[in-house]
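What follows is a short report on a single structure.
The values are calculated or read from the model by the stated rules, or taken from the named source; none is laboratory data. Every value quoted in this text rests on a predicted model; they were computed, and no experiment measured them. Methodologically, a virtual Cβ is constructed for each residue, glycine included, from the backbone with ideal geometry; neighbour enumeration extends over all protein chains shown. Ligands, DNA and RNA are excluded from the accessible area calculation, which covers all protein heavy atoms including side chains. Shrake-Rupley method; radii C 1.70, N 1.55, O 1.52, S 1.80 Å.
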Amino acid sequence: MEIISQYGHIFLILACVFGFFMAWGIGANDVANAMGTSVGSRALTLKQAILIAMIFEFAGAYLAGGEVTATIRKDIIDPAVFDEQPELLVYGMLASLLAAGIWLLFATMLGWPVSTTHTIVGAIVGFSAVGISVDAVDWGEVGNIGASWVVSPVLAGSISFLLFRSVQRLILNHEDPFTRAKRYIPFYMFAVGWIVSMVTLTKGLQHVFKDVHIQLSFFESSGIASLIGVIVALIGISMLRRVKRDLELERVNRFANVERLFGVLMIFTACSMAFAHGSNDVANAVGPLAAVVNTVQSGMITAKTTMPPWILILGGGGIVIGLATYGFRVMATIGRKITELTPSRGFAAELGAASTVVLASATGLPISTTQTLVGAVLGVGLARGIGALNLRMIRDIIASWVVTLPAGAALSILFFYLLKFLFGN
């Protein structure tokens, strides 16, 4: 208690700096992967992808980032273990943020597409198990998170596989795919609008309008989301009408004009992927930050903590700046090196991944967006046969994930003991 009262303001400053640094790393590494399909399929330019990500990453972080943040903040470790010495929780969360930020910077400099969720969970488990006690870790919750790292890519891959199969059946495997694309693509646009709206209505309103009692049932939320989905589809139809058929292109590739139409659709799926990523992965930065802020302000480990809007804003801002300043280094990896992507394939991968991520955000499960997107791209590749996959690149990506967990844990343990030494405990 004395340590927190004496150094509380320093802890708060460090938490904000380290939290922003971690969020910057998420933007530089993880967001680049999330937008890689759009750039790799050439549906969007690098500048366009960055602009879309900046807007919708921030919106996802602020409107729907609170649920997963609760899991990162208090469900991985047992708060009761820190009742006697709450400053140990502060040291640990600061150490976790700094460790994760440094590892993400290192990985981004080398162009490695690593998982920010692996990094922060590994860091929190590392300092808790080694620096405090093995009993401090809620191994049941860690097991659930670990299982999600297997389930999420499989689920995303399955959804993306089925989506691309539907594209093949409804559009590509027909004599006039261009006409059929104009007919069916608006339904996919509706799905994009519905998915993003549902996670915002069911989770985002809880903290954005916490001072106003807004309680929507599932059916009410679904109705509003459906209306928004229709509006999105109508906007999409208007954009599709501007795409005119070019017979010269079809002489070279009969699907060339179809892919131009899917390029319009990918604008919408890129928005949904950015929103979904912001809603899930902002927790990796602001969860530990919220734990420090609440502990310093209350002087104890509270069972129920608050999530001030400024924390989500800081996290969302860090993600946006990280993407804009350094995200170009790893954006191409998923978009070009796992399987060859076209707008129709990229759409299926992005919507499948976004659907999985928003589902995880709604349930509070901190999944790996990188793993989810890789699984989605794999699903699209498998829809064309295993020969369409770059198995060597897949092996290298999985190897980088394996290294990330122990790296985050080791750095966190090091910084935890350093902070204990510096602040005299």
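Screening the candidates A28, A49, A23 for the property of being buried (at least 24 other Cβ atoms within 10 Å of the Cβ), part of a helix (DSSP H, G or I) and modelled with pLDDT of 90 or more yields one hit, A23. Only one entry in W149, W112 is in a loop (DSSP other than H, G, I, E, B), surrounded by fewer than 24 Cβ atoms within 10 Å (Cβ to Cβ) and not charged (D, E, K, R), namely W112. Note on the stretch 123-146: among residues that are of a type in the set (V, I, T) and in a helix (DSSP H, G or I), the one that is surrounded by the most Cβ atoms within 10 Å (Cβ to Cβ) is I124. For the stretch 291-305, the count of residues that are open to solvent by 30 Å² or more (accessible area, probe 1.4 Å), in a helix (DSSP H, G or I), hydroxyl-bearing (S, T, Y) and closer than 26 Å to A61 by Cβ is at least one. The residues of the stretch 244-264 that are surrounded by 15 or more Cβ atoms within 10 Å (Cβ to Cβ) and closer than 14 Å to S344 by Cβ, listed by number, are F255, A256, N257, V258, E259, R260, L261, F262, G263, V264. Put simply, of I120, I102 the only residue that is surrounded by fewer than 24 Cβ atoms within 10 Å (Cβ to Cβ), out of contact with any Asp or Glu (no Cβ under 7 Å at 6 or more places or on another chain), modelled with pLDDT of 85 or more and under 14 Å from A285 (Cα atoms) is I102. Restricting the search to helices (runs of 4 or more DSSP H) fully inside the stretch 190-290 and requiring at least 3 residues that are modelled with pLDDT under 85 and either touching a Phe, Trp or Tyr at 6+ places or on another chain (Cβ under 9 Å) or more than 24 Å from S166 (Cα to Cα) (or both) gives 205-208, 218-240, 256-281.
The single condition among (1) surrounded by fewer than 22 Cβ atoms within 10 Å (Cβ to Cβ); (2) at pLDDT below 75; (3) within 14 Å of the chain's Cα centre (by Cα) that L389 does not meet is (3).
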